[in-house]
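Presented below is the structure to which this report refers.
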Amino acid sequence: MKIGVFDSGAGGLAIAQAIEKALPNEVVLYVNDREHVPYGDKTPEQLLGFVEPILQKLIEQDCKVIVIACNTVTTTIISELREIITVPLVGIEPMVKPAAAVTKTGVIAVCATPATLKSPRYVWLKKTYANDLKVLEPDCSQWARMIEDSQINEQKIEAQINEICQQNADVIVLGCTHYHWIEKIIDRMAAGRAKVIQPEQAVVAQLQRVLKGIGRMKPNLYAEPRQKAKLQSWTAPAGAAYFEHDFGDYRLEARIVYNDKHEAPRILSIHGARADYTKSDPITLGLRDRGHSVLSFSMSGHSPAGVLPPEQTSLGRNIIEAKAFFKYLDPDRPKTVIAYSLGGTPALKLLKDHSDEIDKLVLFYPGVYSAESYDKHFGEEFSRVLRTPYSYRENDTIALLKNFKGKLLLVKGEYDGLDPAIYGKPVGTSVGEVEINGVNYYSPIPKEVIDMVYTAVPEGRKQCIEIPDCGHAVMLCLMQGHPQGAVKLLRQVDNFLKN
């Protein structure tokens, strides 16, 4: 297998050599961007313009995974790259967490480029793992250029290391792969005063985990859910098996409910916000009873079963998670994606790389969001974008749906997707909580979003089912007050999938 390694300059060569040593049977292709080095003073827009074409060339050379051996690129634009690049990316970032774990003085130093130190990812790492520590950030802006030009000014470096140690730092983090080439120099200068750490072996370990997952279609199944105590609605469905996917710093659990023939699943179910994979069981288990095998999983950030708290994950991560679990579906048959509310965006993003494999989409009251929202942590940061009028128009998913050649089934409650102008709410937003004929309903999806989704697919390849007297929570509404309506909806979905 070919592994691509990219860095802005010569720094990533040390990472490439470590990979070659650890994985001697793999082919490592190393590339850099000496034309634009150093990257530390570049804007995110400039970095994206430099890096994307290089990574695309590595894919053209049949690389199955690419290591971004550049802290600046990882901490600044890796989320955007993961939306564009079709192979797994292994990033590299300053080892703030390990440094915080081993410091005895409560003072650590992070040697990194200005772009890395300003990046939201680095700020989050520092706030999350070193909030109670003193973090020194010496000016290392000239180090990468010195190394590229082979003009190492040891006197200047030593002065900075001495200053760090005099401030009682006992751990020095090398947050740029260029600095690996002067690691021994820094280690000698800090000897007896501070430990020097860099992520070389951590990157190799993460790469090995990713390689195990590439192309794997058969999960390692077990009989009982490991997240059982955290699931919102635990039952023991017949014909169920469970497995986990390793995302490096966390693992998510999935469940397959098999039909009577124990066929591999070709249906992926994606839940919405504040839910886990059991939330959609009325549909999932009902389809199982009608002859379908279904794979569902818990996304990060939406429930205890999602492992990560909301403030540590994002819709962008949920998209990555959906892409990972999609590859466990039966490779030999057309696939269906069923999604609920917020899960609509990960479902639509699957069309970017798998539109030729997906023949049907079933979207329950789908959420469509601006691309800007993808890297915002759930909570106030994410909600702030959503509250902006018409922010959903800045999406990158409706265009994918317009190019979709399969069939769409849209399911919504009668009182979801309401017109805000009619109910006295600001235009370009959702109605939210509303009382209609003495009954309270919840309508979080803007009317224009429902219209955009439905009109994106031409007549003859789409259906819409509107559930009377229901708001956003269609399945809860049916199960509690309209059980016959629930049976009818299941029959309609089943017919759509089989025809």
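The values are calculated or read from the model by the stated rules, or taken from the named source; none is laboratory data. Computed from a predicted structure; not experimentally measured. Cβ coordinates were reconstructed from backbone atoms using ideal geometry, including for glycine residues, and neighbour counts include every protein chain displayed. The protein model used for the area step is the full one, side chains on, heavy atoms only, and it has no ligands, DNA or RNA in it. Shrake-Rupley method; radii C 1.70, N 1.55, O 1.52, S 1.80 Å.
Looking at the chain, the accessible area is 43 square angstrom per residue; that uses a 1.4 Å probe and ignores ligands, DNA and RNA. Averaging Cα coordinates gives a centre for the range 51-100 and one for the range 390-464; these two points are 35 Å apart. Taking all protein chains as they are arranged and a probe of 1.4 Å, the heavy atoms of residue 455 leave approximately 100 Å² accessible to solvent.
State the percentage of accessible surface on the chain attributable to carbon and sulfur atoms; use a 1.4 Å probe and exclude ligands, DNA and RNA. Spell out each step's value before the answer.
Working: 10670 of 21640 Å².
C and S atoms contribute 49 percent here.
Could you tell me which of the pairs 349/376; 261/498; 104/195; 261/407; 279/405; 261/335 are separated by over 20 angstrom between their Cα atoms in the structure shown? Check vs 20 Å cut-off fails for 261/407; 279/405. Simple rule: put +1 on each Lys or Arg Cβ and -1 on each Asp or Glu Cβ in the chain, find the dipole, and look at 179, 191, 211; the Cα lying farthest toward the positive end is 211. The Cα-based radius of gyration and maximum Cα-Cα distance (Dmax) for the chain are 25.0, 80 Å. In the chain, helical runs assigned H by DSSP with n ≥ 4 each contribute -39500 (n - 2.57); averaged across all residues and rounded to the nearest 500, the mean residue ellipticity at 222 nm is -10500 deg cm²/dmol. Treating r as the C-beta distance of residue 263 and residue 41 and R0 as 60 Å, the FRET efficiency rounds to 0.60.
Among the GluC sites (Glu not before Pro) in the range 416-499, those placed in a DSSP loop whose Cβ has at most 13 other Cβ atoms within 10 Å are 459. Taken along the Cα-to-beta-carbon direction at a fixed 7 Å, the label points for residue 250 and residue 487 span 4.0 nm. Whole angstrom only: what separates the Cα centroid of the range 1-39 from the Cα centroid of the range 248-284? Taking the Cα centre of each part, the range 1-39 and the range 248-284 sit 37 Å apart. For the range 79-234, what is the Kirkwood hydrodynamic radius in Å, using each pair of distinct C-alpha atoms? Answer for the range 79-234: a Kirkwood hydrodynamic radius of 18.0 Å. For the chain, the longest principal axis of the Cα atoms and the long axis of helix 315-326 meet at an angle of about 70 degrees. Highest mean packing comes first when the peptides 186-194, 268-276, 422-430 are listed by Cβ atoms within 10 Å, giving 268-276, 186-194, 422-430. Antiparallel beta bridges, as assigned by DSSP with both residues in the chain, represent about 25 percent of the total such bridges.
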